[in-house]
Amino acid sequence: MKVSVSPGHNINGTLILPLFEGSEAVPESLQEGLHTALKGQINRILSEGDFKAKSKTTMSIIGGEGGKAILVGLGKEDDVDIHAYRKAGAAVIANRKKVHGTDLTATFSATSIESMGSFAEGMLLRDYSYDHYKQQDEEDKEAELDVRITCDEGQEAELSDLITIHAGVASGVHLSRDLGNCPPNDMYPEAFADQAWEWAKQYDNVEVTIINYDQAVKAGMGGLVAVGMGSARKPCMVIFELNRKVTGRCPLLVGKGITFDTGGISLKPGANMDEMKYDMGGSATVFGTMEALASTGHEGKVVAITCMAENMPSSNAQRPGDVIKTLSGKTIEILNTDAEGRLVLSDGLWKAGEFDPEYIIDFATLTGACVVALGHEATGLWSNDDDFRTRIHEAGNAVGELAWPMPLLPAFEKEMTNSKIADTRNLGAGRYGGANTAAAFLKQFVPNRNYEKDGEQITWAHMDIAGTYWGAKTNSMVGNGATGIHVRTMYHLITNG
């Protein structure tokens, strides 16, 4: 999608008209450039109550000498915020048909630059489909959407800059979705690493380092190695560095990247196992965030670590009952090989300490228990720092991506460190509080500052995106499949300090 900004209210192609609930006529400020016949048609529809402009609703007007239009509801004026504008923009794209054409003009009545930008953001985010594996006739292919946002004189430069940022961030969201939607026969650890390597070539300020299987074994990354050694497609760790030469501490993101999860020897049921291609959603979020930052010219230093593995059953796979030694030196008793994401993250979190980061945030489609607790509406959020957890929660609220604070209690940590034969265990003692015990497990592998034994633990947060990275039907920015959740949250957190 191409989005441009211009002052004045001339209409090219199909008119996009956002309206408040209860509108009975076209606002006077939007009548300039509107064909008399189309204006009359819209006014009749509104005055007769045929379109009530409730939030996210649309109505198409097609035919007649006045041209085409899509009416879109913003909801009640007193309740409308930037999130309502974003959802309205997404609703337009979701309901647009070929008959509307590819030239669209959106006009707004007395609203802020931020709101107009948010409307464009919704359109950009929703303009996504994953059809790389579908055959398509040439005559069925559409040209790229060309959207024109009209504004008042003097607003165009600021609005254009804002939309450029939204477009850059949307490119990161779409990359995350592409990675998650890619079938697992084509998206495996080495393929992810290769894509990261090629991606970095377009930016002078991005470095990508790949730690392959043999190097991981030699380094002592027992968690990563144990999960991936049962697959013919071996695990790896991919490290992204943006603006490496910038001095000082920086944000560091860690992603779980299980490109396909059979459960290993603790084999999953067959139903819906195809969805386990999404189990690398944490790494997809991290990669997408780096694209969002790089494409918008972020000048700060940011580091990201993705822990990539395919969890397969084989004669060489890890077994329940094994004890493995991780990069930290701590040992883990394996009670269930389907609790594998926390194993690869144990090495990623410990590796993060080498960069002396300002803070660490890990992302993982980690537990079904989190979906039981929060459904598909919110990401679970744990942290060893209450203020930091609040900052992430507020960053999510700012962009309409809910991250819900969850408890990190000493009792959960005790449960995960009471193995009789190892330092930790990879499964809780019972079925209750599984998302909390998983977070408590991860906390054991967050290093102290400079790895000092009695030092202060690095500020850390864990985000369980099992319920929000895919299958979130209420996420109006997404049609289906991977959602790209929290790329925008992280961009907001990092760029706004």
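The values are calculated or read from the model by the stated rules, or taken from the named source; none is laboratory data. Computed from a predicted model, the values in this text were never measured in an experiment. All Cβ positions, even for glycine, are placed from backbone atoms using ideal geometry, and neighbour counts span all protein chains on display.
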**Report entry** Residues (in contact with a strand residue (DSSP E or B) (Cβ under 9 Å, 6 or more places away or on another chain), in a loop (DSSP other than H, G, I, E, B) and more than 22 Å from Asp131 (Cα to Cα)) located in the stretch 469-497
**Finding:** His486
Query raised in the report: Mind checking which pairs have a first residue in the stretch 168-183 that is of a type in the set (D, E, K, R) and a second that is not in a helix (DSSP H, G or I), Cβ under 6 Å, 6 or more apart or different chains?
Result: Arg177/Ala482; Arg177/Gly484
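Out of everything in the stretch 345-359 that is of a type outside the set (A, V, I, L, M, F, W, C) and assigned to a helix (DSSP H, G or I), what residue ends up being nearest to Ala440 (Cα to Cα)? Lay out the reasoning, then the answer.
Applying the first criterion (of a type outside the set (A, V, I, L, M, F, W, C)) to the stretch 345-359 yields 346-348, 351, 353-354, 356-359.
Retained after the next criterion (residues that are assigned to a helix (DSSP H, G or I)): 346-348, 351, 353-354.
Numbers: Ser346: 12, Asp347: 15, Gly348: 16, Lys351: 18, Gly353: 18, Glu354: 22 Å.
Among residues in the stretch 345-359 that are of a type outside the set (A, V, I, L, M, F, W, C) and assigned to a helix (DSSP H, G or I), the one nearest to Ala440 (Cα to Cα) is Ser346.
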Query raised in the report: Has the stretch 279-297 got at least one residue that is farther than 18 Å from Tyr491 by Cα, outside any loop (DSSP other than H, G, I, E, B), in contact with a strand residue (DSSP E or B) (Cβ under 9 Å, 6 or more places away or on another chain) and touching a residue at least 12 places away in the same chain (Cβ under 8 Å)?
Result: yes
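Could you list, in sequence order, all residues of the stretch 315-334 that are in a loop (DSSP other than H, G, I, E, B) and either among the hydrophobic types (A, V, I, L, M, F, W, C) or on the phi > 0 side of the Ramachandran plot (or both)? I'd like the intermediate steps shown before the answer.
Of all residues in the stretch 315-334, those in a loop (DSSP other than H, G, I, E, B) come to 315-322, 326-330, 334.
Hits for the stretch 315-334 are Ala317, Gly321, Leu327, Gly329, Ile334.
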Report summary line: Reported set for the stretch 404-416 where residues are farther than 20 Å from Thr337 by Cβ and of a type outside the set (A, V, I, L, M, F, W, C) is Pro405, Pro407, Pro410, Glu413, Lys414
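Find the helices (runs of 4 or more DSSP H) located wholly in the stretch 151-243 whose residues include 2 or more that are among the polar types (S, T, N, Q) and under 26 Å from Met490 (Cβ atoms), and list them. Show your work before the answer.
Details: elements: 156-181, 189-200, 213-219, 222-228.
By residue number, 156-181.
Only one of Gly22, Gly49, Gly13, Gly8 is at pLDDT below 90 and at positive phi; which?
Gly8
On the given criteria, is Ala422 among the small types (Gly, Ala, Ser), surrounded by 14 or more Cβ atoms within 10 Å (Cβ to Cβ) and in the same structural domain as Val446 (by TED's automatic domain parsing)?
When the stated conditions are applied, Ala422 passes them.
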Query raised in the report: What number goes with the only condition from (1) closer than 17 Å to Ala196 by Cα; (2) part of a strand (DSSP E or B) that Glu310 does not pass?
Result: (1)
Query raised in the report: With Ala53, Ala37, Ala88 as the choices, which residue is over 28 Å from Gln155 (Cα atoms) and not assigned by TED's automatic domain parsing to the domain that holds Gly396?
Result: Ala37
Report summary line: Note on the stretch 1-49: residues surrounded by fewer than 17 Cβ atoms within 10 Å (Cβ to Cβ) and either in contact with a His (Cβ under 7 Å, 6 or more places away or on another chain) or hydroxyl-bearing (Ser, Thr, Tyr) (or both) are Ser4, Ser6, Ser29, Glu32, Gly33, Thr36, Ser47
